[in-house]
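Structure first, then comments.
The values are calculated or read from the model by the stated rules, or taken from the named source; none is laboratory data. Given the structure is predicted, the values throughout are model-derived calculations rather than measurements. With ideal geometry, Cβ positions are generated from the backbone for all residues, glycine too; neighbour counts draw on all protein chains shown. In case anyone asks, the SASA skips ligands and DNA or RNA and just uses the protein heavy atoms, side chains included. Shrake-Rupley method; radii C 1.70, N 1.55, O 1.52, S 1.80 Å.
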Amino acid sequence: MPGYRNAPVPAWDPNEPADLAEAEEFLRLCYAEQPRLGPVEPRLAVIRAQVAATGSYVHTTEELTWGAKVAWRNASRCIGRLYWRSLVVLDRRRARTAEEIYALLVRHLCTAGDSSTVRPVISVFAPAVPGRPYARVWNEQLIRYAGYRTATGEVVGDPRYAGFTAAMQALGWRGKGEAFDVLPLAIETPMEGVRLFELPERAVLEVPILHPELGWFAELGLRWHAVPAISNMRLRVGGMNYPLAPFNGWYMGTEIGARNFADPDRYDMLPVVARRLGLDTSRESTLWRDRALVELNRAVLWSFERVGVKITDHHTESDRFLAHLRNEARAGREVPADWSWIVPPMSGGATGVFHRYYHEADQRPNFYLDPQASALASGAVCLLHGPAQCVA
Ligand code: ARG
């Protein structure tokens, strides 16, 4: 599909009734891939009647479970899809209050990451229904670190969240002011507006970053959380929309070592690591950045392995993704994939996923990031309208 890579997210109107054609396509696929669910026709008749009467319909837990798994299978930016069937789907459609949602998000994190393993989990909250406002979480991920902009314009912590941190402060939150302060959850419900909740320590598994040989690495004071849980993407299944459906997998080391710690607009650690390594940084051709990158990424992988927290490296994950492509071809399915996201951010050409092209398509079910959701996660909406409007 030409132009797909930069194609905008299909516009979504929360007041639109469920798309019947998409519902039918989804149900047929769902029942065809899982014969134990029985014939689809009677089920389709029920759904048509529900949509005609209410503009919406209700997925069975089995349909929702399968829909969430296939949304992962269709996530073209994800290299980790070999295990799409293993996704743990928590049906949380009945939660309404901010307190209930908060308690279930804490349970999500405790299920996803305990000291012995990291499990892929999704918690699916109530779908959007025409004419009714819905609950959402403003945070981009359930666990992220604050970024505090100082008077000189520098940022202590993660600069990516400087805007969101300022928004949380405008709502009354006070962080410690350190480099790895876990941000509060901003949970917005129709009844209560936005409310902030602090995550308990037991929900936030973290790993201190050390190096297998370089003792001074500990002095950098780096740490990272074990569970990446995206919380602002809308799950779309069978023409229905679930605006609150946080999901997580486990980390691939480069996400932390080659992006979160390395990007100049994130923790920007390459110059620091290169200096401690005693590298010649006066010219690019000494490849000081690349050498620092390798040590930083060794440190990340080794540190997670040291404390027994699940993580994977980009070579292993590249091989697994190629295995996934073979499995799916055998099942007669296309695997939509976005080369620019699948290829790891270091040593691209040393991994198998680099050396080929992919099927580019928007297949559903899937996950979408809406412009309003990213504006909330950047803090822009809150700061623009003022905190008074935020606490509606
Ligand atoms: N790259 C993001 C981060 O560093 C996480 C994206 C999802 N990653 C995953 N392994 N499921 O936090």
Residue, farthest from the ligand (Cβ to nearest atom), within segment 223-247, restricted to residues that are open to solvent by 10 Å² or more (accessible area, probe 1.4 Å) and within 16 Å of residue 143 (Cα to Cα): 223
First in segment 346-373 and closer than 16 Å to residue 79 by Cβ, second anywhere and at pLDDT below 95 and open to solvent by 50 Å² or more (accessible area, probe 1.4 Å), Cβ under 7 Å, 6 or more apart: 360/1; 360/5
Any residue in segment 207-219 that is open to solvent by less than 10 Å² (accessible area, probe 1.4 Å), within 16 Å of the ligand (Cβ to nearest atom) and under 24 Å from residue 109 (Cα atoms)? yes
Restricted to segment 83-116 and to residues being assigned to a strand (DSSP E or B) and open to solvent by 40 Å² or more (accessible area, probe 1.4 Å), the residue farthest from residue 252 (Cα to Cα) is 91
Check segment 354-364 and report whether any residue there is of a type in the set (Gly, Ala, Ser) and either over 22 Å from the mean Cα position of the chain (by Cα) or outside any loop (DSSP other than H, G, I, E, B) (or both). no
Based on this model, can you work out whether residue 296 counts as at pLDDT 95 or above, more than 15 Å from the ligand (Cβ to nearest atom), in contact with a helix residue (DSSP H, G or I) (Cβ under 8 Å, 6 or more places away or on another chain) and not aromatic (Phe, Trp, Tyr)? no
Of the residues 323, 329, only one is assigned to a helix (DSSP H, G or I), among the hydrophobic types (A, V, I, L, M, F, W, C) and out of contact with any helix residue (DSSP H, G or I) (no Cβ under 7 Å at 6 or more places or on another chain); which? 329
Does at least one position in segment 26-42 carry a residue that is within 19 Å of residue 244 (Cα to Cα), in contact (Cβ under 8 Å) with a residue 40 or more places away in the chain and touching a strand residue (DSSP E or B) at 6+ places or on another chain (Cβ under 7 Å)? no
The listed residue being touching a strand residue (DSSP E or B) at 6+ places or on another chain (Cβ under 6 Å), of a type in the set (Val, Ile, Thr) and away from the ligand (no atom under 16 Å from the Cβ), out of 65, 54, 97, 111: 65
Does residue 256 count as within 22 Å of residue 353 (Cα to Cα), within 11 Å of the ligand (Cβ to nearest atom) and free of Cβ contacts under 8 Å to residues at least 60 places away in the same chain? yes
